[in-house]
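The values are calculated or read from the model by the stated rules, or taken from the named source; none is laboratory data. This one's a predicted model, so the numbers in the text were calculated from it and none came from an experiment. When we count neighbours, we look across all protein chains shown, and the Cβ atoms used for this are built from the backbone with ideal geometry, even at glycine. SASA here: full protein model, heavy atoms, side chains in, ligands and nucleic acids out. Shrake-Rupley method; radii C 1.70, N 1.55, O 1.52, S 1.80 Å.
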Amino acid sequence: MEPVMVDAHLDLAYNARSLGRDLTLPLEALRAKDPHPDTPLVTLESLKEAGVAVAFATLFADPREGGREDWLEEVYAQLALYEAWEKGGLVRILREREDLLAHLARYPEDRVLGLVLLLEGAHALEAPEELRPLRARGLRLLSLTWATRNPYAGGNAEEGPLTAEGRAFLKEMERLGVALDLSHLAEEAAWEALGAYGGAVCATHANCRALVPSPRHLSDELLKALGERGGVLGLVPYNAFLDPGWRRGMARLPLEAFLRHKAHAESLLGPKGVGLGTDWDGGFGLEAVPQGLERHRDLRALGDAAFLGGSWLAWLARWF
């Protein structure tokens, strides 16, 4: 049997709600009817076909649109969608350790997708206490920012430090057992967060700054620190994250562009510290991923069992 896969970053509910995509369709059917210029890469069926056992599924409200009430409403609407999928037997939300263990035992037989819920950016929450109801309904990971600066920390597009409010937020995360995703944090804030937070850390979707010099990606020093904390990096097969010269409309890059990031990350974190975090359909589509990658099943060409899922499963087992 092929090794199971884990994708550490998928904006499933955002695509379903904000782009109106019916992710219960076969991928070919969604592509045939989707009006957007970016050709979709993901449906629930395509994940099942590929053998994706676990996906880190986001709750994401765009901080550039609306205000806090709108963001919070969207976060809960996306959560309700995941719960509706679960009620319909399409997914299982992995809220606690026993859920994870039971899911992994059942997955080889029923191939139902397991979801680990990730809040991408804390801007929707006014205070750490607002984490509690989300945690009660299954939230297990959180990134303090999405690109822009918020009251808790600077992001990769608007850099700045971790704030006092951000430190209080991290303490509540640690108390509740919510892991920290370093993705999108400003470098300064990421270092401060590592010092202030004692729980599990990872970077669900980021690449190597040494190869693509951008604040969106992690420096070698930060990657080493992530490894020292037992964290895992989820690499993104997105052309703009693989080659600093690539622009939309250009030809798709060869797979070697992705494999260079994989080799560099593994040289710093070791092979058990690197996995997948595709961020597929997170603002780009088929036209913007390397050649040979048409859907999730094609990702199997990129690595061994550890890279495809084992690294993330071991990370989950250590703290979940």
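Does L235 fit the bill of being touching a Lys or Arg at 6+ places or on another chain (Cβ under 9 Å), within 22 Å of L118 (Cβ to Cβ), open to solvent by less than 30 Å² (accessible area, probe 1.4 Å) and of a type in the set (A, V, I, L, M)? The answer is yes for L235. Screening the range 117-151 for residues that are free of Cβ contacts under 8 Å to residues at least 60 places away in the same chain, open to solvent by less than 10 Å² (accessible area, probe 1.4 Å) and part of a loop (DSSP other than H, G, I, E, B) and picking the one that is nearest to A200 (Cα to Cα) gives L144. S219 satisfies every condition listed in (1) out of contact with any Ser or Thr (no Cβ under 7 Å at 6 or more places or on another chain); (2) buried (at least 18 other Cβ atoms within 10 Å of the Cβ); (3) over 21 Å from Y14 (Cβ atoms) except (2).
Restricting attention to the range 107-116, report how many residues are touching a residue at least 12 places away in the same chain (Cβ under 8 Å), in a helix (DSSP H, G or I) and either acidic (D, E) or surrounded by fewer than 17 Cβ atoms within 10 Å (Cβ to Cβ) (or both). Number of matching residues: 1. Going through (1) open to solvent by 10 Å² or more (accessible area, probe 1.4 Å); (2) assigned to a loop (DSSP other than H, G, I, E, B) one by one, L293 falls short only on (1). With a requirement of 2 or more residues that are farther than 24 Å from R248 by Cβ and not polar (S, T, N, Q), the helices (runs of 4 or more DSSP H) lying completely within the range 17-98 that satisfy it span 44-50, 68-87.
From the list S214, S219, S267, the lone residue that is over 14 Å from H184 (Cα atoms) and modelled with pLDDT of 95 or more is S267.
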